[in-house]
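Engineer: Before I ask anything, let me first share the structure, which is written out below as structure tokens.
All of the numbers you see were taken from the coordinates with simple rules; none came from a lab. Being a predicted model, the structure only gives us computed values, none of them experimental. Cβ placement follows ideal geometry from the backbone for every residue including glycine, while neighbour counts extend to all protein chains displayed.
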């Protein structure tokens, strides 16, 4: 298990949590205040299986409204990320084709 610590400004918190939820290999997210106290712990696989994503994101939004910046501890499972990310080269080739089209707009 790999644990990465990220300092996030409140205006970016909701978007960053949504990015991490969809990222392969992320197992758990822990949001902490500036003092290091745990505010919320999110088990990503359990959240994606059930219908708990909207209430959890509402709680994240409430935290972002109250605090200027928080720390996110991201727990990753490298084996799972490798198994899911085996098609990265194919995805990168597809993005190289699609990105220039979007840049025109």
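Engineer: Which ordering of 8, 60 is given by a fewest-first count of other beta-carbon atoms within 10 Å?
Structural biologist: On the way: 8 17, 60 22.
Fewest-to-most Cβ neighbours within 10 Å comes out as 8, 60.
Engineer: Could I ask something else about it? With the alpha-carbon atoms as the only input, what is the per residue convex hull volume for segment 1-40 in Å³?
Structural biologist: Numbers: hull volume 3.1 nm³, N = 40.
Per residue, the Cα convex hull of segment 1-40 comes to 77 Å³.
Engineer: At what distance in nm do the modelled label points of residue 15 and residue 58 sit from each other, each positioned 7 Å from its Cα along Cα→Cβ?
Structural biologist: Calculated label separation equals 2.4 nm.
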